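First the structure, in the form of structure tokens, and then the observations on it.
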Amino acid sequence: MVKPVIAANKPIQVALEPGKEYYFCACGRSPSQPFCNGSHEGTGIEPRAFSVETGQEAFLCQCKHTGNSPFCDGTHERFGDDQVGREGTGT
Ligand code: FES
């Protein structure tokens, strides 16, 4: 089974606008991190649609193994630099 690629082992800070629909890349293959660009096609992994009620700066997950998608929860700390760009454990 295809697993998410660790796009980076740290989150990325983004400015989120209220009411706007975002598509968070869950497969880790998008070059437009942290957002989907369609690269998941054929992986069986779908992007995660989300929106926020208030404008905010947020740290979104790039390791793709957070337990609080799309937000970073610190899980990335278990991935070293040598694992970036490779499939992770998937859990
Ligand atoms: S980047 Fe922090 S949990 Fe994924």
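The values are calculated or read from the model by the stated rules, or taken from the named source; none is laboratory data. Everything numeric in this text was worked out from a predicted model, so none of it was measured. All Cβ positions, even for glycine, are placed from backbone atoms using ideal geometry, and neighbour counts span all protein chains on display. Note: areas computed on protein heavy atoms with side chains; ligands, DNA, RNA excluded. Shrake-Rupley method; radii C 1.70, N 1.55, O 1.52, S 1.80 Å.
A few remarks follow.
- The set of residues from the range 51-64 being open to solvent by less than 40 Å² (accessible area, probe 1.4 Å), at negative phi and within 15 Å of the ligand (Cβ to nearest atom) comprises Ala58, Leu60, Cys61, Gln62, Cys63.
- Verdict on Gly28 being within 11 Å of the ligand (Cβ to nearest atom), modelled with pLDDT of 95 or more and in a loop (DSSP other than H, G, I, E, B): yes
- The test for being surrounded by fewer than 12 Cβ atoms within 10 Å (Cβ to Cβ), among the small types (Gly, Ala, Ser), within 16 Å of the ligand (Cβ to nearest atom) and closer than 20 Å to Met1 by Cβ holds for Gly67.
- Residues that are closer than 17 Å to Asn68 by Cβ and among the hydrophobic types (A, V, I, L, M, F, W, C) within the range 9-35 comprise Ile12, Val14, Leu16, Phe24, Cys25, Ala26, listed in sequence order.
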